[in-house]
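Note sheet for the following structure.
The values are calculated or read from the model by the stated rules, or taken from the named source; none is laboratory data. Here the structure is a predicted model, which is why all the values come from computation and not from measurement. Here the Cβ is made from the backbone with ideal geometry for all residues, glycine too, and neighbour counts use every protein chain on show.
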Amino acid sequence: MRGIYHGTTLIYYHHFTSNFTDYPTETTDYFSHLSSYYSIGRFIILQAVTRQIVEPMLGFITKVTALRVSGTLADDSPVSSAAFAAPQRLAEVVTQVNDLLDTHLPTCVEKMSLYLTGSATREIIFNPIRSNIAEAHSQIATLLEREYQPEDLKRVPLCSPAVLSDMMSKMSSKF
């Protein structure tokens, strides 16, 4: 949530420190300014919610990418041989994200329902969150298939795309 407040502060700071000549002179200009502020606010909310839920997965993927790009790991050795990428560590990361999906996402949906009265508006905001969560799961699934042994796949409690889709549909049905 810190990002939301920080972004809002920037908008207000710009609003109060800009010259009076910066203000629009016609109604359509006011609409475009309001529309741009809405887009900024929506983007800040999307990023904050996505980070809060799938940050452990994204951090893991970033570390794996950095390891591969740095060349410190031989091309033929799997990423799972690195200490941070051990199968049990990946299982911890996925479990943490699953817990956040079960606890934090419903709370975010409830708060969206309180502050956003239109169901279409809530869907507009929730759809990118849903796709970001699905994308993070997809990247972890690809990494599991490519870099880990088949027995490691069984240890990692990654939600299947069907289960994840069902979970997201249940969340959006609360709108």
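Numerical summary
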| item | result |
| --- | --- |
| Top-ranked residue of segment 34-67 - restricted to ones that are within 17 Å of Gln96 (Cβ to Cβ) and basic (Lys, Arg), ranked as farthest from the chain's Cα centre (by Cα) | Lys63 |
| Segment 102-126 residues that are more than 16 Å from Ala48 (Cβ to Cβ) and touching a residue at least 12 places away in the same chain (Cβ under 8 Å), paired with ones that are in a helix (DSSP H, G or I) and of a type in the set (Gly, Ala, Ser) (beta carbon under 7 Å, 6 or more apart) | Glu123/Ser172 |
| Test: Gln149 is in contact (Cβ under 8 Å) with a residue 60 or more places away in the chain, more than 20 Å from Gly41 (Cβ to Cβ) and polar (S, T, N, Q) | yes |
| Sole exception among (1) without any contact (Cβ under 8 Å) to a residue 12 or more places away in the chain; (2) of a type outside the set (D, E, K, R); (3) crowded, with 17+ Cβ neighbours inside 10 Å for Val97, by number | (1) |
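Residue by residue, here is whether (1) under 19 Å from Val64 (Cα atoms); (2) among the hydroxyl-bearing types (Ser, Thr, Tyr); (3) surrounded by fewer than 17 Cβ atoms within 10 Å (Cβ to Cβ); (4) modelled with pLDDT under 95 holds:
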{"position": "Thr103", "(1), (2), (3), (4)": "no, yes, yes, yes"}
{"position": "Thr117", "(1), (2), (3), (4)": "no, yes, yes, yes"}
{"position": "Glu123", "(1), (2), (3), (4)": "no, no, yes, yes"}
{"position": "Ser138", "(1), (2), (3), (4)": "yes, yes, yes, no"}
{"position": "Leu153", "(1), (2), (3), (4)": "yes, no, yes, yes"}
{"position": "Ser169", "(1), (2), (3), (4)": "no, yes, yes, yes"}
{"position": "Ser172", "(1), (2), (3), (4)": "no, yes, yes, yes"}
{"position": "Phe175", "(1), (2), (3), (4)": "no, no, yes, yes"}
